[in-house]
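Undergrad: Handing you this structure, nothing more for now.
The values are calculated or read from the model by the stated rules, or taken from the named source; none is laboratory data. Nothing here was measured: the structure is a model prediction, and the numbers come from that model. Heads up, the Cβs are rebuilt from the backbone with ideal geometry, glycines too, and the neighbour counts pull from every protein chain shown. Heavy atoms of the whole protein, side chains included, go into the accessibility calculation; ligands, DNA and RNA do not. Shrake-Rupley method; radii C 1.70, N 1.55, O 1.52, S 1.80 Å.
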Amino acid sequence: QVQLVESGGGLVQAGGSLRLSCVASGRTFSILSMGWVRQAPGKEREFVAGISWISLNTYYAESVKGRFTISRDNAPSTVYLQMNSLTPEDTAVYYCVGRRTSQPTGSIQYDYWGQGTQVTVSS
């Protein structure tokens, strides 16, 4: 199994920045890719960004392209989400996620989920 622990959420004013971190532990060798999924109040979960663990290819939802950057470190297995130019529409619980197999870009079919961290952007 893989455990994912997020940190870095909080309250920020519109236009501000936050950096989320996620540390993976356990059977991390099984991870093919990691990413971030968010869920706003009353809305479905949505893909935000993903990164392939070996190739380092990155993928973003259209709504965050140019504002968010996903990256990773290998020791320990950590993935980051740098969020700039935040808007109230970015308010959500952000989940760190990981998967063992390939899925279509934008899919939220992940094998591993963190507990989530709240990001609130005030106007």
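Undergrad: Out of the stretch 65-77, which residues are touching a strand residue (DSSP E or B) at 6+ places or on another chain (Cβ under 9 Å) and modelled with pLDDT under 95?
TA: Within the stretch 65-77, Arg72, Asp73, Pro76, Ser77 qualify.
Undergrad: A further question on this structure: For the stretch 14-71, which residues satisfy the criterion of being among the charged types (D, E, K, R) and assigned to a loop (DSSP other than H, G, I, E, B)? Steps first, answer last, please.
TA: Here is the first cut: in the stretch 14-71, the residues among the charged types (D, E, K, R) are 19, 27, 38, 43-46, 62, 65, 67.
If the condition is that a residue be among the charged types (D, E, K, R) and assigned to a loop (DSSP other than H, G, I, E, B), then Arg27, Lys43, Glu44, Glu62, Lys65, Arg67 are the ones that fit.
Undergrad: Looking at Thr120, is it surrounded by 14 or more Cβ atoms within 10 Å (Cβ to Cβ), more than 20 Å from Gln1 (Cβ to Cβ) and of a type in the set (Ser, Thr, Tyr)?
TA: Numbers: surrounded by 14 or more Cβ atoms within 10 Å (Cβ to Cβ): yes; more than 20 Å from Gln1 (Cβ to Cβ): yes; of a type in the set (Ser, Thr, Tyr): yes.
Criteria met by Thr120.
Undergrad: Kindly indicate which of Ser17, Ser7 is touching a Cys at 6+ places or on another chain (Cβ under 8 Å), open to solvent by 20 Å² or more (accessible area, probe 1.4 Å), among the polar types (S, T, N, Q) and under 20 Å from Thr87 (Cα atoms). Walk me through how you get there before you give the answer.
TA: Details: Ser17 fails: touching a Cys at 6+ places or on another chain (Cβ under 8 Å).
Exactly one residue qualifies, and that residue is Ser7.
Undergrad: A further question on this structure: Out of (1) under 18 Å from Val119 (Cα atoms); (2) buried (at least 17 other Cβ atoms within 10 Å of the Cβ); (3) more than 16 Å from the chain's Cα centre (by Cα), what's the single condition that is false for Thr28?
TA: Unmet for Thr28, out of (1) under 18 Å from Val119 (Cα atoms); (2) buried (at least 17 other Cβ atoms within 10 Å of the Cβ); (3) more than 16 Å from the chain's Cα centre (by Cα): (1).
Undergrad: Given the conditions (1) assigned to a strand (DSSP E or B); (2) closer than 18 Å to Val121 by Cβ, which single one is not true for Val5?
TA: For Val5, the exception is condition (2).
Undergrad: Would you check if there is a residue in the stretch 73-85 being assigned to a strand (DSSP E or B), touching a residue at least 12 places away in the same chain (Cβ under 8 Å) and among the β-branched types (Val, Ile, Thr)? If you could, list the steps in order and put the result at the bottom.
TA: Applying the first criterion (assigned to a strand (DSSP E or B)) to the stretch 73-85 yields 73, 78-83.
Checking which are touching a residue at least 12 places away in the same chain (Cβ under 8 Å) leaves us with 78-83.
Subsequent filtering for residues that are among the β-branched types (Val, Ile, Thr) retains 78-79.
Within the stretch 73-85 (the criterion being assigned to a strand (DSSP E or B), touching a residue at least 12 places away in the same chain (Cβ under 8 Å) and among the β-branched types (Val, Ile, Thr)), the answer is yes, since at least one residue qualifies.
Undergrad: In addition: Going through the stretch 89-123 one residue at a time, which ones are among the aliphatic types (A, V, I, L, M) and closer than 17 Å to Leu32 by Cβ? Please lay out each step first, then the result.
TA: Keep residues of the stretch 89-123 that are among the aliphatic types (A, V, I, L, M), which gives 92-93, 97, 108, 119, 121.
Across the stretch 89-123, the qualifying residues are Val97, Ile108.
Undergrad: Further, regarding this structure: Being within 11 Å of the chain's Cα centre (by Cα) and open to solvent by less than 50 Å² (accessible area, probe 1.4 Å) is the filter here; which residues of the stretch 34-60 pass it?
TA: Within the stretch 34-60, Met34, Gly35, Trp36, Val37, Arg38, Phe47, Val48, Ala49, Gly50, Ile51 meet the criteria.
Undergrad: Here's something else I'd like to know. What are the residues in the stretch 88-105 that are in contact with a strand residue (DSSP E or B) (Cβ under 7 Å, 6 or more places away or on another chain), exposed (fewer than 14 other Cβ atoms within 10 Å of the Cβ) and part of a loop (DSSP other than H, G, I, E, B), if any?
TA: First, pick out the residues of the stretch 88-105 that are in contact with a strand residue (DSSP E or B) (Cβ under 7 Å, 6 or more places away or on another chain): 88, 90-99, 105.
Now narrow it down to the ones that are exposed (fewer than 14 other Cβ atoms within 10 Å of the Cβ): 88, 105.
If the condition is that a residue be in contact with a strand residue (DSSP E or B) (Cβ under 7 Å, 6 or more places away or on another chain), exposed (fewer than 14 other Cβ atoms within 10 Å of the Cβ) and part of a loop (DSSP other than H, G, I, E, B), then Thr105 is the only one that fits.
Undergrad: Now a separate question. Could you pull out the residue among Ser102, Ser21, Ser17, Ser123 that is modelled with pLDDT of 95 or more, of a type in the set (Ser, Thr, Tyr) and over 14 Å from the mean Cα position of the chain (by Cα)?
TA: Values: Ser102 fails: modelled with pLDDT of 95 or more; Ser21 fails: over 14 Å from the mean Cα position of the chain (by Cα); Ser123 fails: modelled with pLDDT of 95 or more.
Every option except Ser17 fails the conditions.
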